1. Which ranges mark the helices (runs of 4 or more DSSP H) fully within segment 176-274 that have 1 or more residues being modelled with pLDDT of 85 or more?
2. Look at residue 25 and say whether it is under 30 Å from residue 242 (Cβ atoms), at pLDDT below 95 and in a helix (DSSP H, G or I).
3. Can you confirm whether residue 100 is open to solvent by 40 Å² or more (accessible area, probe 1.4 Å) and either at pLDDT 90 or above or under 14 Å from the mean Cα position of the chain (by Cα) (or both)?
4. Just one of (1) at pLDDT 95 or above; (2) within 28 Å of the chain's Cα centre (by Cα) trips up residue 60, so point out which.
5. Looking at (1) open to solvent by 60 Å² or more (accessible area, probe 1.4 Å); (2) within 26 Å of the chain's Cα centre (by Cα), find the lone condition where residue 67 falls short.
6. So, in segment 280-295, of the ones that are crowded, with 17+ Cβ neighbours inside 10 Å and over 13 Å from residue 246 (Cα atoms), which residue ends up modelled with the highest pLDDT?
7. Those residues that are touching a Ser or Thr at 6+ places or on another chain (Cβ under 6 Å) and either under 17 Å from residue 128 (Cα atoms) or among the acidic types (Asp, Glu) (or both), I need them from segment 16-51; list them, please.
8. Mind checking which pairs have a first residue in segment 45-73 that is in contact (Cβ under 8 Å) with a residue 24 or more places away in the chain and over 18 Å from residue 98 (Cα atoms) and a second that is of a type in the set (A, V, I, L, M, F, W, C) and part of a loop (DSSP other than H, G, I, E, B), Cβ under 6 Å, 6 or more apart or different chains?
Amino acid sequence: MGSKREDALAILNVLGMPRGQLNDRSSLTLLALLNLTPRKKWSASQNPLIGVTPIMDWMRKHYDVRYAPNTRETIRRQTLHQFVDANLACCNPDVPDRPVNSPDAVYQISHDALRLCQSFRTGEWKKNLAAYLKIHPSLARQYSAPRNTEGPNVKVGKGITIKLSPGRHSELIRDVATSFLARFAKRGILLYAGDTGNKAGHFDQERLEALGLSLDKKGKLSDLIIFDPVKNWLLLIEAVTSHGPMDAKRKRELSRIFEKSNCGVVFVTAFPNKKTFNKYLAQIAWETEVWVADSPDHMIHFNGDRFLGPYG
């Protein structure tokens, strides 16, 4: 029977972690996340909330391994980030909107990974490992998968289709331009769609000027601008996959840009899924709307006195 450090390395190996995470640093980090000291059995693994510096203190106390203070970022960037990418651990599950680089940032082993590790060196291990790998593909496989170099196509009018850059952000822009419009602005006209690559995916300057707007497409526009001619609304939509929800600062910026509009202005944040929405929940401004692509039939209204529409 190997040492706990050897066991942890073996687990990381069978879970398909990349070569850069198959080392003593990552093994000890996994043990710290499980609070698994040398004399404990794997079945006693736990899932405490723990920050990077406490992880280093834990390594020193229980395994007599001392890392220099300036290696803190190495542990965070070269081990913990990959653990999170692999769904092996979660970052800030207690406060999802806390910045990952906050000194108060904490990590926690995921529920599925905890249950798996608790079964290590038992008769249930192989069965649990097979079930785990069906749900959580290895990070090495994810990193080596061929990249999709073709971005999504978005139809913006009769016979007019634009191609956006590849990536999750552009995919969300496509979802807004199709699923959101079909449900909440059926006759809506897409006037602007920013492209992840060059921020110039679509810009209908003629229609914008007809609405009394002279805009700089290189300015701080929302990711999408949609005109609803039935209700005379402008829908300003931020598509959020990694940053930039419609917070109070962003709402104020856009209000100034569109203050001369002769339309009612509606502020919307679009998210790909509830997990991303929950991460930014505390930042979303009042008197704005939220749409989540994986629950496309519903809107979330940040003020309860009315449904989708302009305020003021």
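1. Helices (runs of 4 or more DSSP H) meeting the threshold: 181-184, 248-257.
2. Taking the combined requirement at face value, the residue does not satisfy it.
3. yes
4. Against the list (1) at pLDDT 95 or above; (2) within 28 Å of the chain's Cα centre (by Cα), residue 60 comes up short only on (2).
5. Unmet condition: (2).
6. Among those that are crowded, with 17+ Cβ neighbours inside 10 Å and over 13 Å from residue 246 (Cα atoms), it is 292.
7. Within segment 16-51, just 16 meets the criteria.
8. If the second residue must be of a type in the set (A, V, I, L, M, F, W, C) and part of a loop (DSSP other than H, G, I, E, B), the pairs left are 45/36; 59/65.
The values are calculated or read from the model by the stated rules, or taken from the named source; none is laboratory data. Owing to the predicted nature of the structure, the values given are computational and were not obtained by experimental measurement. All Cβ positions, even for glycine, are placed from backbone atoms using ideal geometry, and neighbour counts span all protein chains on display. Accessible surface is based on the protein model in full, side chains and every heavy atom, while ligands, DNA and RNA are left aside. Shrake-Rupley method; radii C 1.70, N 1.55, O 1.52, S 1.80 Å.
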